[in-house]
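**Q** Could you have a look at this structure, given as structure tokens, before my questions?
Only the coordinates and a few stated rules stand behind these numbers; no lab work does. It should be emphasised that the depicted structure is a prediction, and the values quoted were computed from it without experimental measurement. Cβ placement follows ideal geometry from the backbone for every residue including glycine, while neighbour counts extend to all protein chains displayed.
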Amino acid sequence: MYRSHVLVCGGTGCTSSNSLAIIDALESEIAKKGLQEEVKVVRTGCFGLCALGPIMIVYPEGSFYSQVKVEDVPEIVEEHLLKGRLVKRLLYDETVTMEDVKSLQETDFYKKQHRVALRNCGVIDPENIEEYIAFDGYMALAKCLKELTPAEVIQIVKDSGLRGRGGGGFPTGLKWSFTAANEADQKYVVCNADEGDPGAFMDRSVLEGDPHCIVEAMTICGYATGATEGYVYVRAEYPIAVKRLKIAIKQAREYGLLGKNIFDSGFDFDLHVRLGAGAFVCGEETALMTSIEGNRGEPRPRPPYPAVKGLFRKPTTENNVETFANIPQIILKGADWFASMGTEKSKGTKVFALGGKIKNTGLVEIPMGTTLREIIEEIGGGIPNGKKFKAAQTGGPSGGCIPASLMDTPIDYDNLTAIGCMMGSGGLIVMDEDNCMVDIAKFFLNFTVDESCGKCTPCRVGTKRLLEMLDKITAGKATMEDLDKLEDLCNYIKANSLCGLGQTAPNPVLATLKFFREEYVAHIQDKKCPAGVCKALMTYSIEADKCRGCTACARKCPAGAIEGKVKEVHTINTDKCIKCGVCLETCKFGAVVKK
Amino acid sequence: MKTIEELMAIRENAKKKMTVREDTGDEATRIVVGMATCGIAAGARPVLNAFVDEIAKRDLKGVTVSQTGCIGMCQYEPIVEVLEPGKEKVTYVKMTAEKAVKVVNDHIVNGNPIVDFTVGAATK
Ligand SMILES: Cc1cc2nc3c(=O)[nH]c(=O)nc-3n(C[C@H](O)[C@H](O)[C@H](O)COP(=O)(O)O)c2cc1C
Ligand code: SF4
Ligand code: FES
């Protein structure tokens, strides 16, 4: 019996900050002290606080260590594991109060969170099916197969009010009932783990931290809709997720939880993993299925919808990873329990990948209806460096932004749509006063131009033209007429593109235009970028009264654009200046200014 | 897998191996073993492990075993404190693995602190 468990995060974030080396060091150090029979090391999935990685939590005390280095390991083993003294300097500072060490759950970051989809992430060893089972894993499947009819399962999902977490927000129970209603010799379940939204990593974390819950949920979906085979489509850039998912599938087969005659019910189900090459459009459901079929990932027109003709032209239910992750809990705890969380039309919780200008970047799961202010100021710990919050981008390249004035909007599907934004899959990028909104729109448009599959003209050519117009604006060469044309083109692309990629591509432009039109106008009329981002509209200069002639800037300037003798006032030659900003960083006297 | 019972058996078994990770909150009985250098030298580790094993063997719920640094009475090590919610702390001194098993039986399970092992008896 182990007296202590040391959980080390093995999510992608912490793995890239070297948590595997920490695990190795821990194991060898524990062996050196002869503690291998007493202390167990467990590699988990993401805890959510990726910015503080590598993360380690020691039980039974529940001590939360952050930013642990390999060099710290001997001290942790000697002091904490052997002698029972916490290594205070490594404790996450939010857990350390004057008198006491708080548990992680009491910190600002976790307090307002409510973990349903992420409940096992950072809690269990994802490569050990028994740890999943210890937390009621596969109980929901057993309940479905032994006690419920497929129609009853669908009714529970319907009553729970669960809506698709992949972006569209379509009611999940309804979707399942469509597939169930279609007779066919073969039906499929597909899990969308393509997660193409830049900056989003919710689905990756679920697969890394709790892969069995996806296996279980897809099997339940198969039972409910009459499908016997499932595919998980994961992008190849997620090697840890792929590996753990494959281990989970193998273990489930060994335990008879996948395969023939599961729970002696006569129901057969098996799962396959397919790797995507990382094209954004392959996250669109019809393109995804085309890709699984072995063809080039291009969307097909809908209808026919997947429930009628999906994968291999057979009735198919396609859901997002996070959508599935909610299913076992809904079956076990009931529709009412799930429906008690959230707002009137958006039930349950939503996972967000918090990024950008925010203190606690990472993964958060909050009840629907939480306000953006709570997410940013409380959970996220606010904006660093005393800067002012400007806007948050949700929904990635298909979404829009929420400006500071609407920070108290409760976040749910319908409220976000009402303000011209969208929930999206859960990317949440925080921007402060130093972000230029035209530049942000340009960033996302660059992405869609690259990712447009090219099948239809409005999207292929339209997004390119849109990007050119934005380039013109940020170069200070646009007129007010161009602004009208920009809006017209946005609406044209939205109305005429074949798939969701094109139909939503103009959203970042439209949303920033709606809330930050004055910034567009400043670029066009005043030839100024108010946030000081767009290079073409900036000039660097040296204020004569502040310059001491120290020559520091002139020596650093890579373009040789700064002239002046020692102890004399320097000047910047704007023709040569490449606007890299090195002089501004170098000057100790604040003499260099950017305008 | 054929029956829910099979799954439940795996669950119970797996759960036992994971009790140390439970957040037992303020409701739990805590057994704290002094494990500073003095404690370890005096043989605190077998005591700690005896508590862990005995509690696992009896499948006791809501009891955590943890360590602490020097309690400050080195001559009485190994020292063990038992903290039950709403009751006064009991401090056992000069503990051994055998005594630990007895403490689990008499004190934790049956609710009778063993006065002979306590610091009060030792300082008399
Ligand atoms: C361009 C584009 C990309 C998409 N990418 C994803 C994705 O990465 N993951 C995802 O789950 N859904 C994505 N979707 C939405 C899917 O088409 C589909 O609506 C969703 O997976 C359905 O599952 P849900 O009902 O559980 O949300 C994308 C849609 C479009 C138009
Ligand atoms: S809208 Fe864009 S991504 Fe979608 S089919 Fe047309 S070209 Fe391809
Ligand atoms: S990857 Fe370790 S906390 Fe997210």
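**Q** Over the range A:4-107, what relative contact order in percent results from Cα pairs under 8 Å that are six or more residues apart? Write out the running numbers ahead of the final one.
**A** Details: 159 pairs, mean separation 30.3, N = 104.
Reported as a whole number, the value is 29 percent.
**Q** Right, another one. Distances longer than 34 Å among the Cα atoms of chain A: what percent of all pairs is that?
**A** On the way: 85907 of 176715 pairs.
That tail contains 49 percent of the Cα-Cα pairs.
**Q** Too long at a 29 Å Cα-Cα cut-off: which of A:LYS158/A:LYS357; A:LYS88/A:LYS350; A:LYS477/A:LYS546; A:LYS388/A:LYS514; A:LYS143/B:LYS61? If you can, show how the numbers build up before the last one.
**A** Details: A:LYS158/A:LYS357 38 Å; A:LYS88/A:LYS350 33 Å; A:LYS477/A:LYS546 33 Å; A:LYS388/A:LYS514 20 Å; A:LYS143/B:LYS61 26 Å.
Correct reply: A:LYS158/A:LYS357; A:LYS88/A:LYS350; A:LYS477/A:LYS546.
**Q** Ok, one more. Give, as a single signed number, the net charge of other residues whose beta carbon lies under 14 Å from the beta carbon of A:LYS175, with Lys and Arg counted +1 and Asp and Glu -1. Present the calculation step by step, with values, prior to reporting the outcome.
**A** Details: positive: A:LYS158, A:ARG163, A:ARG165, A:LYS187, A:ARG302; negative: A:GLU285, A:GLU318.
Within the 14 Å Cβ shell, the charges total +3.
**Q** Would you mind checking the tilt of helix A:19-32 against the longest principal axis of the Cα atoms of chain A, expressed as 0 to 90 degrees and rounded to 10?
**A** Roughly 60 degrees between the two axes.
**Q** In addition: Which order do A:ARG163, A:ARG85 fall in if you start with the one that has the fewest other Cβ atoms within 10 Å?
**A** On the way: A:ARG163 25, A:ARG85 16.
Least crowded to most crowded, the residues run A:ARG85, A:ARG163.
**Q** At 37 °C and a viscosity of 0.692 mPa s, what translational diffusion coefficient does Stokes-Einstein give for the range A:343-500, taking Rh as the Kirkwood radius over Cα pairs? Give it in µm²/s as a whole number. Don't skip to the end; give the middle numbers.
**A** Details: Rh = 16.8 Å.
Rounded, D is 195 µm²/s.
**Q** For B:HIS107, A:HIS212, what ranking results if the residue with the fewest other Cβ atoms within 10 Å of its Cβ goes first? Don't skip to the answer; put the middle values down first.
**A** Details: B:HIS107 19, A:HIS212 28.
Ascending number of Cβ neighbours within 10 Å: B:HIS107, A:HIS212.
**Q** Once the other residues with Cβ under 14 Å from the Cβ of A:LYS112 are scored (Lys, Arg +1; Asp, Glu -1), what is the net sum? Mind showing how you got there, number by number?
**A** Working: positive: A:LYS111, A:ARG115, A:LYS350, A:ARG373; negative: A:GLU94, A:GLU106, A:ASP108, A:GLU365, A:GLU374, A:GLU377, A:GLU378.
Here the count lands on -3.
**Q** Search the structure for amide H atoms under 5 Å from the amide H of A:ASN320, placed 1.01 Å from N in the peptide plane, and list their residues when 5 or more places away or on another chain.
**A** Residues meeting the amide H criterion: A:ARG165, A:GLY166, A:ASN192.
**Q** Counting only Cα atoms, I'd like the Rg/Rh figure for the range A:539-594, Kirkwood definition for Rh.
**A** Working: Rg = 9.5 Å, Rh = 10.7 Å.
Dividing the radius of gyration by the Kirkwood radius yields 0.89.
**Q** To continue, here is another question. Would you pull out the residues with amide H under 5 Å of A:PHE267's amide H, same chain only if 5 or more places away, H placed 1.01 Å from N?
**A** Amide H neighbours of A:PHE267: A:ASN261, A:ILE262.
**Q** For the Cα atoms of chain A, what angle does the longest principal axis make with the long axis of helix A:239-254, in degrees from 0 to 90, nearest 10?
**A** That works out to roughly 0 degrees.
**Q** Oh, and also: What does the helix-only formula give at 222 nm for the protein assembly as shown: each DSSP H stretch with n ≥ 4 adding -39500 (n - 2.57), the total divided by the residues, and the result rounded to the nearest 500 deg cm²/dmol? Show your work: numbers first, answer last.
**A** Numbers: 26 runs with 255 residues, N = 719.
Taken over the protein assembly as shown, the calculation gives -10500 deg cm²/dmol.
**Q** May I pose another question? Which of the aspartates and glutamates could a cross-linker span from A:LYS69 if the Cα-Cα distance has to be under 18 Å and same-chain partners fewer than 8 positions apart are dropped?
**A** A:ASP24, A:GLU27, A:GLU29, A:GLU78, A:GLU79, A:ASP93
**Q** For chain A, what does the relative contact order come out to in percent, with C-alpha contacts under 8 Å and a separation of six or more? Write down the numbers at each step before the final one.
**A** Numbers: 1244 pairs, mean separation 67.3, N = 595.
With pairs under 8 Å counted, the relative contact order is 11 percent.
**Q** Tally Lys and Arg at +1 and Asp and Glu at -1 over the other residues with C-beta under 11 Å from the C-beta of A:PRO410: what net charge comes out? List each step's numbers first, then the result.
**A** Working: positive: A:ARG373; negative: A:GLU344, A:GLU374, A:ASP408, A:ASP412, A:ASP414.
Taking every Cβ under 11 Å from that of A:PRO410, the sum is -4.
**Q** Moving to a separate point now. Tell me, what is the FRET efficiency for B:MET8 and A:VAL101 to the nearest 0.05, using R0 = 22 angstrom and their Cβ-Cβ distance as r?
**A** About 0.05, to the nearest 0.05.
**Q** Loop only per DSSP, at most 13 neighbouring Cβ atoms within 10 Å: give me the GluC sites (Glu not before Pro) in the range B:11-119, ordered by residue number. Provide the component values of the computation, followed by the final result.
**A** Values: sites: B:GLU12, B:GLU22, B:GLU27, B:GLU54, B:GLU81, B:GLU88, B:GLU98; in loops: B:GLU22, B:GLU88.
Those satisfying the criteria are B:GLU88.
**Q** List A:THR463, B:THR3, A:THR15, B:THR118 from most exposed to least, where exposure is judged by having the fewest other Cβ atoms within 10 Å.
**A** Details: A:THR463 27, B:THR3 12, A:THR15 21, B:THR118 15.
Lowest to highest Cβ neighbour count: B:THR3, B:THR118, A:THR15, A:THR463.
**Q** Summarise the partner chain shielding of B:2-13 as one whole number: the mean count of Cβ atoms from other chains within 10 Å of each residue's Cβ. Provide the component values of the computation, followed by the final result.
**A** Working: counts 6, 4, 8, 1, 4, 11, 4, 1, 7, 9, 2, 3.
Per residue, the average neighbour count from other chains is 5.
**Q** Distance in nm between label sites at A:ASP484 and A:GLN186, each 7 Å beyond Cα in the beta-carbon direction?
**A** 5.7 nm
**Q** In peptide A:54-61, what is the residue-averaged number of other protein chain Cβ atoms found within 10 Å of each Cβ? Could you put the intermediate results ahead of the total?
**A** Details: counts 0, 0, 0, 1, 2, 8, 13, 5.
Counting other chains' Cβ atoms within 10 Å and averaging over A:54-61 gives 4.
**Q** Among the aspartates and glutamates, select those whose C-alpha is under 12 Å from the C-alpha of B:LYS87, and discard any that sit fewer than 8 residues away in the same chain.
**A** B:GLU27
**Q** Can you pull the one-decimal nm distance between simple spin-label points at A:ARG460 and B:VAL115, each 7 Å off the Cα toward Cβ?
**A** In this crude spin-label approximation the distance works out to 9.3 nm.
**Q** Long-range amide H contacts for B:THR68: which residues qualify at under 5 Å (H placed 1.01 Å from N, peptide plane, sequence gap of 5 or more or a different chain)?
**A** B:VAL33, B:GLY34, B:MET35
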